[in-house]
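A short write-up of the structure that comes next.
The values are calculated or read from the model by the stated rules, or taken from the named source; none is laboratory data. Fair warning: this is a prediction, and the values are worked out from it, not measured in the lab. Cβ placement follows ideal geometry from the backbone for every residue including glycine, while neighbour counts extend to all protein chains displayed.
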């Protein structure tokens, strides 16, 4: 009776997963392994993936750099939040979540307005008297790899802070006190106790930043150039412009494999929130 009740309660979720997860995955797999003209089974799409490897590796590189920068910025923020009072924690948590309440597109366009040749930064530098060529910006900030990575960091930084904050809050302060009683200074307490115990949050945050960043296309579309084309841009063009949906599905399948690998890593190494402490 209890099993039947559980199955009944999980029915809507199972139907949702079938309709919006498994079936779309099967459709992508079908198009990735079929010919665009005849619809017959073929591996040509998979073989042609080699020509898109530069964009694929560029996407991985930019995403890894963005994830590391988010970690460097987000860890001190999360650590500070976790050691504040309850009221301050709620306020800081709200500040971290606040940008996510705004449209992703608007947040990206705001940075375009700041970084573009006639944007806020270059306009301010011109008024301050910095030398520049007529009709040229003082600093070329937009359409660069740095601009794309900046857009990734800004949009996905909360995905790093929140998991870290959640894990650091759970660290037992008695372990820190025990390490101090054993003669550890502040640096050793952090490296031997706090950092190992926060490793699940680091892995989760890195994954949550890397996965959406590696598949993004709007950020690179608005803040990048032809030299910063990511794999998401190519997939979007193939589907939106109707060039080759089958090839786009093959590239999407490759990204899915990457996402599954990242998920497997976090499940394998990030599942134990207790961590290990070496004093």
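Looking at 73, 126, 65 in this structure, which one is under 13 Å from residue 151 (Cβ atoms) and out of contact with any strand residue (DSSP E or B) (no Cβ under 8 Å at 6 or more places or on another chain)? So that I can check it myself, show each step before the final result.
Values: 73 fails: under 13 Å from residue 151 (Cβ atoms); 126 fails: under 13 Å from residue 151 (Cβ atoms).
Within the list 73, 126, 65, the selection yields 65.
What are the residue pairs meeting all of these: first residue in segment 148-162, first residue touching a residue at least 24 places away in the same chain (Cβ under 8 Å), second residue surrounded by 22 or more Cβ atoms within 10 Å (Cβ to Cβ) and not in a helix (DSSP H, G or I), Cβ atoms under 6 Å, and 6 or more apart or on different chains?
Partner pairs satisfying both residue conditions: 148/224.
What is the residue count in segment 212-233 for residues that are assigned to a helix (DSSP H, G or I) and buried (at least 20 other Cβ atoms within 10 Å of the Cβ)?
Step one: filter segment 212-233 for residues assigned to a helix (DSSP H, G or I), giving 212-214, 218-223, 226-228, 231-233.
With buried (at least 20 other Cβ atoms within 10 Å of the Cβ) added as a condition, the list becomes 213-214, 219-220, 223, 228, 231-233.
Summing the residues that are assigned to a helix (DSSP H, G or I) and buried (at least 20 other Cβ atoms within 10 Å of the Cβ) in segment 212-233 gives 9.
Run down 239, 190 and say which single residue is under 30 Å from residue 52 (Cβ atoms), without any contact (Cβ under 8 Å) to a residue 12 or more places away in the chain and assigned to a helix (DSSP H, G or I).
Details: 190 fails: under 30 Å from residue 52 (Cβ atoms).
Answer to the selection: 239.
So, in segment 1-58, of the ones that are under 20 Å from residue 231 (Cα atoms) and in contact with a strand residue (DSSP E or B) (Cβ under 9 Å, 6 or more places away or on another chain), which residue ends up surrounded by the most Cβ atoms within 10 Å (Cβ to Cβ)?
Result: 45.
I need a count of the residues in segment 137-183 that are surrounded by fewer than 16 Cβ atoms within 10 Å (Cβ to Cβ), assigned to a helix (DSSP H, G or I) and touching a helix residue (DSSP H, G or I) at 6+ places or on another chain (Cβ under 8 Å).
2
Can you list the helices (runs of 4 or more DSSP H) found entirely within segment 37-111 that contain at least 1 residues being over 24 Å from residue 232 (Cβ atoms) and touching a helix residue (DSSP H, G or I) at 6+ places or on another chain (Cβ under 7 Å)?
Numbers: elements: 44-47, 53-82, 86-97.
Per the criteria, 53-82, 86-97.
So that you can scan it fast, the table gives a plain yes or no per residue for (1) under 30 Å from residue 138 (Cβ atoms); (2) modelled with pLDDT under 95; (3) surrounded by fewer than 17 Cβ atoms within 10 Å (Cβ to Cβ):
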position: 73; (1), (2), (3): yes, no, yes
position: 86; (1), (2), (3): no, yes, yes
position: 113; (1), (2), (3): yes, yes, yes
position: 119; (1), (2), (3): yes, yes, yes
